[in-house]
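Notes follow once the structure below has been shown.
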Amino acid sequence: MRREYRDRIQRNDMNDRSRPQMPDRRKDPVKERLANVSGPTTNLQIKEGNEPKKFTGRCRLFVGNLPNTITEEEFTAMFKPYGETAEVFLNISKGFGFVKLDTRQHAEAAKAALDFSLKDGKYLRVRFATHGAALKVKNLNPWVSNELLETAFSIFGDVERAVVIVDDRGRPVGEGIVEYARKQSAQQALKRCTDGCFILTSSLRPVLVEPLEQRDEEDGLPEKNFQKNMPEYQKEREMGPRLAEPGSFEFDYANRWKQLYKVEKQKRDNLDKEIMASRRRLDEQMEDSLYEHETNMLREKLRAA
């Protein structure tokens, strides 16, 4: 019954939108693009086997500890064996540069080969550059796919990559990543979603957007990164891995840390349960309020008819 009410309301709303409107001199290009994806979104083109976009933000490398004798031509030539290059930037006085390769695979190969390589007496540091136009999208409905996420956020600018994060069983965790070609597009998406309520599906659940926290989960922290003459390093490395003996001073304090971790975990678990319960209550309230709202709208239209 509620579905019938909702369908009737949507048809009435579409009829209202189809009526001639007064021209608005302050046109909003985002809303104009949004009108093209207003739904239904059940027939989105599935993206499988497509070649990844080239020269994206995921293919940009940072190169540090460069010798002050290097030229831009030499810097570019270092990466030529690994693929096509673009957007080369070099700061000779500060000893660093950026370069973008055509594919992620080629960028990974260049990074693996050149990181910590010797160049004019200096060991280069090569890492993936921070993606300045990447956003994290939270509070996603479980029916949002990669394709819908990209379609929705394309209204703010050219999207290079949009992915809904899933767990080890392929189930969505309610979060996603959107990477734009330009930083301005990401800033606009962040502002519009923060100032307003951007809803992707029939459920009145707005997405929450924030800058993506960049983390390196591949290289980690190799031993070569440490300055071994630092006092703190020397102090911590005096003793190696060991199992503390029960009843010892080490065991007592190590166990205190473990107990503190358990308390922290219990508090987080309890908070997660409270949050999930609040979300379920809000979903129920939303359904009840939506039914009441649709009923009132139908009554108003019947009176006006």
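Between Glu300 and Arg242, with labels modelled 7 Å along Cα→Cβ, what's the label distance in nm to one decimal, could you check?
7.5 nm
At 7 Å along the Cα-to-beta-carbon direction for both Arg127 and Glu210, put a label point, then send me their distance in nm to one decimal.
Once both label points are built, they end up 2.1 nm from each other.
Give the lysines reachable from Lys262 as a straight Cα distance under 26 Å; neighbours fewer than 8 places away on the same chain don't count.
Qualifying lysines at Cα under 26 Å: Lys273.
What does the net charge come to around Asp216 if you take all other residues with beta carbon closer than 15 Å to its beta carbon, with K and R at +1 and D and E at -1?
Local net charge: +2.
Output the Kirkwood hydrodynamic radius of segment 226-290, Cα pairs only, in Å rounded to one decimal.
The Cα-based Kirkwood calculation yields 16.4 Å.
Net charge near Ala189: determine it from the other residues with C-beta under 15 Å of the C-beta of Ala189, scoring Lys and Arg +1 and Asp and Glu -1.
Summing Lys/Arg as +1 and Asp/Glu as -1 gives +2.
Using a Gaussian network model of the chain with C-alpha springs under 10 Å, which one of Arg26, Arg279, Arg215 is most mobile by mean-square fluctuation?
Of Arg26, Arg279, Arg215, the Gaussian network model singles out Arg26 as fluctuating most.
Gap in Å between the Cα centre of segment 260-287 and the Cα centre of segment 118-137?
Each part reduced to its Cα centre gives a spacing of 38 Å.
Can you give the angle from 0 to 90° between the axis of helix 2-18 and the longest principal axis of the chain, with both taken from C-alpha atoms, to the nearest 10?
On a 0 to 90 degree scale, this one is about 90.
Say R0 is 41 Å: what FRET efficiency, to the nearest 0.05, do Ser38 and Phe96 get from their beta-carbon distance?
According to the calculation, E is roughly 0.35.
Treating only the Cα positions of segment 23-182 as identical point scatterers, give the base-10 log of I(q)/I(0) from the Debye formula at each q in 0.11 Å⁻¹.
-0.60
Looking at the chain as a GNM with Cα springs under 10 Å, which of Tyr180, Tyr291, Tyr253 has the largest mean-square fluctuation?
Looking only at Tyr180, Tyr291, Tyr253, the largest GNM fluctuation is found for Tyr253.
Filter Lys94/Lys136; Lys122/Lys228; Lys31/Lys191; Lys138/Lys191; Lys53/Lys100 down to the pairs with a C-alpha to C-alpha distance above 24 Å, please.
Those over the limit are Lys94/Lys136.
For the chain, what % of the accessible area comes from carbon and sulfur atoms, probe 1.4 Å?
51 percent
How much FRET efficiency would the formula 1/(1 + (r/R0)^6) give for Asn141 and Phe116, where r is the Cβ-Cβ distance and R0 is 45 Å, rounded to 0.05?
So, using R0 = 45 Å, E works out to roughly 0.50.
Work out, step by step, the length gained on full extension between Val166 and Gln105: first 0.36 nm times the residue separation, then minus their alpha carbon distance; give nm to one decimal.
Extending this stretch completely gives an extra 19.7 nm.
Hey, got the Cα dimensions of the chain along the principal axes, in Å, largest first?
Result, largest extent first: 84, 64, 36 Å.
Tell me the per residue accessible area of segment 103-159 using a 1.4 Å probe; a whole number in Å² is fine.
44 Å²
Rounded to the nearest 500, what is the 222 nm mean residue ellipticity of the chain from helices alone, with -39500 (n - 2.57) per DSSP H run of 4+ residues and division by all residues?
Result for the chain: -13500 deg cm²/dmol, rounded to the nearest 500.
The values are calculated or read from the model by the stated rules, or taken from the named source; none is laboratory data. Keep in mind that this is a model prediction, so the values were computed, not measured. Here Cβ is always computed from backbone atoms with ideal geometry, including for glycine, and neighbour counts include all displayed protein chains. Heavy atoms of the whole protein, side chains included, go into the accessibility calculation; ligands, DNA and RNA do not. Shrake-Rupley method; radii C 1.70, N 1.55, O 1.52, S 1.80 Å.
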